[in-house]
1. Return the residue satisfying two criteria in turn: it lies in the stretch D:174-198 and is under 17 Å from the mean Cα position of the chain (by Cα) and in a strand (DSSP E or B), and of such residues it is nearest to the other protein chains (Cβ to nearest Cβ).
2. With respect to residue B:130, determine if the residue is buried (at least 19 other Cβ atoms within 10 Å of the Cβ) and either more than 24 Å from residue B:6 (Cα to Cα) or of a type in the set (A, V, I, L, M) (or both).
3. If you check every pair at least six apart or on different chains, which have Cβ atoms under 7 Å apart with a residue in the stretch B:105-129 that is in a helix (DSSP H, G or I) first and a residue that is surrounded by 12 or more Cβ atoms within 10 Å (Cβ to Cβ) and aromatic (Phe, Trp, Tyr) second?
4. Taking the conditions exactly as written (hydrophobic (A, V, I, L, M, F, W, C) and open to solvent by less than 10 Å² (accessible area, probe 1.4 Å)), does residue B:119 satisfy them or not?
5. Those residues that are within 11 Å of chain D (Cβ to nearest Cβ), open to solvent by 20 Å² or more (accessible area, probe 1.4 Å) and in contact with a Cys (Cβ under 9 Å, 6 or more places away or on another chain), I need them from the stretch C:17-45; list them, please.
6. Here are some conditions: (1) within 7 Å of chain B (Cβ to nearest Cβ); (2) outside any loop (DSSP other than H, G, I, E, B); (3) under 27 Å from residue C:240 (Cβ atoms); (4) not small (Gly, Ala, Ser). Residue D:203 meets all but one. Which one does it not meet?
7. Return a yes/no flag: does the stretch D:9-27 have any residue that is at negative phi and assigned to a strand (DSSP E or B).
8. Given the conditions (1) assigned to a helix (DSSP H, G or I); (2) closer than 30 Å to residue C:240 by Cα; (3) more than 21 Å from the chain's Cα centre (by Cα), which single one is not true for residue D:228?
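The values are calculated or read from the model by the stated rules, or taken from the named source; none is laboratory data. What you see is a predicted model; the values in this text were computed from it and never measured. We place every Cβ from the backbone using ideal geometry, glycine too, and count neighbours over all the protein chains shown. Accessible surface areas use protein heavy atoms only, side chains included; no ligands, DNA or RNA. Shrake-Rupley method; radii C 1.70, N 1.55, O 1.52, S 1.80 Å.
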There are 4 protein chains.
Amino acid sequence: MRFKVAVVGVSGYSGLELLKIVLRHPAMECVAVMAAEANGGKRVADIHPRLRALTSLICDPADPERLALSKVDTAFLCTPNEVSHELVPKLMALGLRVIDLSGSFRLRNAASYPPWYGFEHMAPDLLERAVYGLSEWNAERIAHADLVANPGCYSTSALIPLLPLVQSGMIAPGTDLICDSKSGVTGAGRGPRLEMLFAEVSENFRPYSPITHRHAPEICQELDWDLNHFTFVPHLLPVTRGILSTIYVCFHGRVDEDQLEAEYRRRYAQHRFIRILGSARLPELSAVNHSNFCDVGWRLTCDGRRGIFFSAIDNLIKGAAGQAVQNFNLMHGLAQDVGLVEGMDVATDD
Amino acid sequence: MRFKVAVVGVSGYSGLELLKIVLRHPAMECVAVMAAEANGGKRVADIHPRLRALTSLICDPADPERLALSKVDTAFLCTPNEVSHELVPKLMALGLRVIDLSGSFRLRNAASYPPWYGFEHMAPDLLERAVYGLSEWNAERIAHADLVANPGCYSTSALIPLLPLVQSGMIAPGTDLICDSKSGVTGAGRGPRLEMLFAEVSENFRPYSPITHRHAPEICQELDWDLNHFTFVPHLLPVTRGILSTIYVCFHGRVDEDQLEAEYRRRYAQHRFIRILGSARLPELSAVNHSNFCDVGWRLTCDGRRGIFFSAIDNLIKGAAGQAVQNFNLMHGLAQDVGLVEGMDVATDD
Amino acid sequence: MRFKVAVVGVSGYSGLELLKIVLRHPAMECVAVMAAEANGGKRVADIHPRLRALTSLICDPADPERLALSKVDTAFLCTPNEVSHELVPKLMALGLRVIDLSGSFRLRNAASYPPWYGFEHMAPDLLERAVYGLSEWNAERIAHADLVANPGCYSTSALIPLLPLVQSGMIAPGTDLICDSKSGVTGAGRGPRLEMLFAEVSENFRPYSPITHRHAPEICQELDWDLNHFTFVPHLLPVTRGILSTIYVCFHGRVDEDQLEAEYRRRYAQHRFIRILGSARLPELSAVNHSNFCDVGWRLTCDGRRGIFFSAIDNLIKGAAGQAVQNFNLMHGLAQDVGLVEGMDVATDD
Amino acid sequence: MRFKVAVVGVSGYSGLELLKIVLRHPAMECVAVMAAEANGGKRVADIHPRLRALTSLICDPADPERLALSKVDTAFLCTPNEVSHELVPKLMALGLRVIDLSGSFRLRNAASYPPWYGFEHMAPDLLERAVYGLSEWNAERIAHADLVANPGCYSTSALIPLLPLVQSGMIAPGTDLICDSKSGVTGAGRGPRLEMLFAEVSENFRPYSPITHRHAPEICQELDWDLNHFTFVPHLLPVTRGILSTIYVCFHGRVDEDQLEAEYRRRYAQHRFIRILGSARLPELSAVNHSNFCDVGWRLTCDGRRGIFFSAIDNLIKGAAGQAVQNFNLMHGLAQDVGLVEGMDVATDD
């Protein structure tokens, strides 16, 4: 049994990554790929040469009616915020399920869109209906959703280590959470911009949008945390993919290793894509890139009053396309890891 | 039905790449991984953190007897030349089939070993018995082999474009073949050496071992070409993986596009891992990395007397682990691409 | 008038960088270069090919007597901690002035050496006599020093932005300072180690030694700050050179842009190598690499209670060799920037 | 005594590199910098942050009259071909000397411009008057030139090793010269293009414009060699700067090491920027980057009938800005290396 799916916005980096997974997914049949006007009529294998001999699909311009006629069950949107904002209501009106990788349906409060996204939101009802697609935390709601707002890449890297701490009450109320994140360039999309040229990025490293990045309100919404006590500073790494976040917290009282270990095990024991490294080993990009894993590690200060948490993900997979497919699996009653694992000799004791 | 396999020499880059494929291969069961003494007893997931939660295998020191007791059908050797040279006779004596990724059984003439490899070959009988594992050219012999000498990475990148030209008689006899190859650093192994440090390789590029590289006699043996008329110059690229070879030939008479196209199509039409780009597009590493494909393209000079051929492969996959698995598939009557394709929506018309 | 100098430990990255500056410095004559036994007798141009045709100097094994006989005025030590620890007392006994780039004379308290450096310090008297070579802060004492302990690279990147804040009382007492630093690989030296191979570092990023790095006590000593309230987390960037530090502080009361601007201008107006970017622009490695500049920028939270400070330096220049030469200039009554500026059309209003 | 100079086209990579040298050159005073309209009125230090505190110059739009009024002696043009083509006649009519880094005045035959550059040349008289600025070969003519056509980066890397071979008659007439070149990305300029994004270039490598690159006719013109017997294949390296060319030739008769050594020494002994490595060592980018050196090495085949020559330069320095300044020095009666050497302790015996 294969579900008909479409990938809209296939010419960017997350579109490519998603298509690679979709093409090998045993329960999906990709019946349409769509891209901006300029790429209409092109073979995806000409846009992304690594797909040569793997697919003969041809890009159409984005067209909701055509997807409905093709009996598409689920559409994945890898489109810019403004495009998703327009497409989602049309697709849903036609009865499709939608997994949107943009930020257009992540914030529940429509009033947040003008300041953070620069546009007035025209579908506040859908904001309520949309389920935030952090797979490990909202599995049940995702299973019944018809619109999943797939989390931002930075948000995923911050929420996975922070949610257990905040929800268990380990963090001292009123203290500041600091999230110092570092991302590869594909997080910024594939549009040609001077500051993304190889000669500008290689051998360079820099912060950007400190405090004002739009993933900050998204993270605070999911943590239920005051934005004034959350400091988010993203940086641009000279790597193609991957996000490593270093998170600084103050505990409510002292915390020891065993408590942390127990709390994380409790929350994530059933979730194979979250690998808890504890304080023994530290996350790094090379261990997670090209996979759907999120590695989490930590160190405590001597007095146990503060903790440093590290998380690493592939921004294009667990931070975008991989989690989107994980959500698709949840929505279709499949095991979460279908189509997402490299190896099959799964350890039971690791 | 799954065949029991072992990977010996798992701590290097080709060992890791091979293990990743083996773990997801539907017809293999990996019953043992072996590594040098220093890594004995370690979990492979501790040597290669990206395998965490994907395998619980533990490295043993290389031990032929133990493999025989485990009823291993096929052993893959990712070991240094000297180690393979010693292990292969023992494994074969115990009845195992062997796919050796080192150079120890590639040259048919034992007398070539002292000058090119620096050791006296102790198993000249096995040199005769070994089948050179260039999958697309020796499929039938590989299917019946019990010892496959897996080709060198540079050799694969040179032979795939050159064999059709040489065998069809298109190259002018007595002229010089020039192969200017560029490889990523994993071709040099994982041993810590000054010249392989990030600070030495990044923003650098250099030739090494011009003329005297040991893949030159291997290529000439398979082409049946005089080594004195073959100039091979490898260079070190600041990339982790991939080989691009630029090959210059003089034709016997004039050659036109259609002839070339026809010849390559004839030779490779049945071989999905060889993608013929012709003169329309040029190969590049990013199109083949992390895959078992070899892309081949060319340009002719205006007068049609000379040609420039380009090939691109992932040195760790088509140039090592991927081709090894392709050979395993041939040896076990499986389709050549089992376990080796990312996507499943295979184009028939590309 | 040129002073005779020697560079000891010339085969590493900071040794090379220092030698490049020394060779073009108008007030230095390099009369000797020394390296470990293994490189004795080699031309430095063979160890560092970029110096071909720029110097005919030959490496001697480190030998204090020979330097004294050559009437060396000042010796620069780019040697490992243990080697500096042994050489410095001998050189000083022979009457040389010493600028030591290692950590062996940076901590004033001898008792700090066993826990942080793993050896018992044998020259506690020299620890008292050594001047900490942060050029912009200790200029007068450096001018009269005969032993300068050149600051650590991370320490330089942290102290330049933090000292004005701490000394002016802007930081709330008892709060935590957090320094999230990212460094290129040359900070780790030129010894061949697996984790510094190109294939391990490229496309990777990772934290290391969180909390326990030995630059933490050095920074706290100079800030006069409680180590228990200082959290230092270094990370390894896939770049050859450069450090960017992101520093999080809580102010004592509210602070506004003008106060910060005024304080930094006051402290650094006379110091051309410190470029204050304020909140208008953000530091980045590409703006400082291959120079002796330190760029400092910041952002405040909306409520003005907390600040994020960014600093960028070239770890090999302002973080090592450049600052060492700046200190040499101070010790010899020269302008601080002799031999250290690329351009000569100095802006007076920037 | 300082000559007034201007840099036109300062916002690109060669413009920046040139300005860095100009600012530190003891015989130049930079009185104007010009850039395209979009950057008019901007401080160069805002376009290139590494120039902060090194210059207060502000970009004007390109304006020949203004340069004449400022009594500019020499204008350096780092402008696109079409812009140089228009500006040069105007500047010369106003009496300025011009060093043009574009290709607009390199080919002597006006008829070559439409096929190779896509425009009709409007100043054929200036093509005759322009001197090709390969400093080591045309020093006398450059000294008296008022228009220098600065060589292409690839051309410099090919001509320096090839000219001694061709002019001495060592190459067999009628044979093919093959030049397999690899360049860093700054050779392609600073315009934002998809294929120059970090994510497209990093971990990638590819040929481009084989046979048809416009530096081929330039090289053949200077060698006086038939374009039909010259095969030029450029490739794009994932590095910011540097070109390494690997050149394959057939000798006229046998050639031995001593002959080559003698010929190169004879031609280049007086030219400090050409470092002849012979067959003992091989050129590499890291040895020449950030310098005006060109390193040349070679290997012969066993039978001495063919040779492989390697050259390495920094494309932005010896391949552009550095050679332009070297030409300026020649035009103004200065030593060739003024403003161009890092170190001052020049070896006499290397």
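1. D:182
2. Answer is yes for this residue.
3. Once the first residue is in a helix (DSSP H, G or I) and sits in the stretch B:105-129, its partners that are surrounded by 12 or more Cβ atoms within 10 Å (Cβ to Cβ) and aromatic (Phe, Trp, Tyr) give B:113/B:119; B:126/B:105; B:127/B:105.
4. On the way: hydrophobic (A, V, I, L, M, F, W, C): yes; open to solvent by less than 10 Å² (accessible area, probe 1.4 Å): no.
In short, no.
5. C:43
6. Unmet for residue D:203, out of (1) within 7 Å of chain B (Cβ to nearest Cβ); (2) outside any loop (DSSP other than H, G, I, E, B); (3) under 27 Å from residue C:240 (Cβ atoms); (4) not small (Gly, Ala, Ser): (2).
7. Taking the stretch D:9-27 first, the residues at negative phi are D:10-27.
The next check asks that each one be assigned to a strand (DSSP E or B); those that pass are none.
Checking the stretch D:9-27: not a single residue is at negative phi and assigned to a strand (DSSP E or B).
8. Every condition holds for residue D:228 apart from (2).
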